[in-house]
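Written below as C-alpha cells is the structure these notes are about.
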Amino acid sequence: MRLKIIILFLLISISGYSQQNYLMGSGIELGKVIGISEDLGLINNGVLVGNKESYIRLYYDNLKGINYGSRGWYKLKLGVKGYDVNYQLEHEGVYDLEIHHDGIGKELVEEVYGMVDFVSARMELEVLSVGGNMSSEGLVLEFGYKYGEWEIVESVNYGGWVTGFQPSASENKYLIYWDYYPGASYYELEYSFSEDLEESWQSNLSRGGTRIITHEQYYEISGVFPKGHIDYRIRPVFERRVGGEKEINRYGWYEGLGSQRKQTVGHEEGKSWSYQVSYGVDGVRSEQLSYFDATGRVRQSVVKDWYNENVIIGEQFYGFNGEPSIQTLPSILPGGDLKYRDNFTKSLGGSAFNKNDFATDEKLASPTAISTENQYFSGGNAFKGDGLHDYVADAEGYGYVQSMFDAQGRVTRVSNVGPTHKMGSGHEVEIWYGSVGQAELDRIFGNEVGYCVFRF
C-alpha cells in the first residue's frame, strides 16, 4: 500500500516530519501513518523549554458527510509511538477518538480533542481501526505538539514562542514583538486598554479590543491611552487547502495570556484630545489626534503616516471673539510621534504665532508672516534635497488661509496662500450678503409670505 501523507505546515526535518500533521477525508484509513518532530533548530542555549505536550484532534472542516436525518458516529483507534533523536523507541500507547451527531444540527457536531500521555522528539501516529456510520468526507485527523510557556534565560534569536513589549523612550508608542512560529502563515494580535487596574485580562479582552493580522513578527501601536494598562495576546494562523480548492485557516493557541499586561503612563494628561483610527490590510492603519482648548475648539491636529513614518500637523488659530481666523497648511515632519507640539507655528521673529499677529485692527489687513521652521511649504522643508521635494511650492511665510467675519459672525473675506493672495493684497475673495425688498418677495412668493424684515 502506498503511503500518502498530507503535510500542510512547514517541513522542519529532512525525514518528512513537522510540528503538526494531518489525515483528511478518505485518507483516514486503516494502516495510514503520519509523523511529527520537534523543531530542534529552535532550541538553543538561550532558552529553557517547558510545558510542551502532544495531542490528537478529530473534527469536521465541513459537514458534507453528515446525514441530518439520522444519528451518526465515527470512531478511530489510534496507535502512537515516541522515539528519541536517534529514533529509538521510548513510549507507545493506544487512544480512541469518537465523534457523534444527533441528527439535528451541525452545531452539535463538536470536535474531539485528546492529549497524548507522553512527548518525544519524534512521534508517529497509526490508524489501527476505523468504524462508524458517518462519512469521513470533510473529517480531519490532526496530530501535533502544543507549546505552553517558555522561560527566557538570556536574549536569543529564536526560542519557541517568546513575545515582548517595548515602550519608546517617550512612551508615545509601544512595540509588540514575537518570535517566528514554525509553519505560521501570519499572526493575529489582539490588545485592549483598561483604566481599571483591578480588572482581569480575561474581562478586558472579552469586552472587545483591537484585533489585527500581520505577516510581520512585530507590531507598533501608538501610546495614545490614558493612564491604565494594556492586555494583549498573539497567536499564529496556519493556511491550507482542502482538496486543492477551499482555503482553510487553522488557529494556534493564544500564548502567555495572563502575563501580557503592560502599564501605560497616560497620554498628554492635562490636555483634551480625541483619537480616531481606521485599519486596512495587514495591520496598516491611519491615525489622527485632535487637541482641543478649554472651549472645545480644535487647536492642533496630528495625523500619522505609518507608510513613510512621518506625521502631518495642522493648526487652527482663533481671533479675540473666538472666530476661526487662521487655518495653516498641513506640515509634514519626518519620523514623528503622535503627540502635541507646543509653539509649533512661529512668527518670523521666532515667537509663538498668536492672535496678535493677525486679529488686531492693525494686523487684520496685514497679517504677520510665519517662520519657515516646521513648515513643509517653505524654504525650510525638511525633505528638500531628495529631488522629489525640491519642487514643492514655497508659501514665502504665508502658508495659511485667513478669514474675516462681520458682526453677525458671517465670513466676509477669505485670503489664499502666499504673499500675492494674502489678506490685504487685493486678491482676497470677498463675500457680500444682500437683502430683498417686500415688493420682490411678494412678486415671487405671494403676499402671504410675510414681512421681509422677518425673513431676510
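All of the numbers you see were taken from the coordinates with simple rules; none came from a lab. Remember, predicted model here, so these are calculated numbers, not experimental data. Reconstructed Cβ throughout: ideal geometry from the backbone, glycine too, with neighbour counts over all protein chains shown.
Miscellaneous remarks
- Phi angles across region 203-213 convert, under the Karplus curve 6.51 cos²θ - 1.76 cosθ + 1.60 with θ = phi - 60°, into 3J(HN,Hα) values of 5, 4, 6, 6, 6, x, x, 9, 10, 10, 10 Hz, Gly and Pro given as x.
- Net charge of Cβ neighbours under 12 Å - reference HIS229; Lys, Arg +1; Asp, Glu -1: -2
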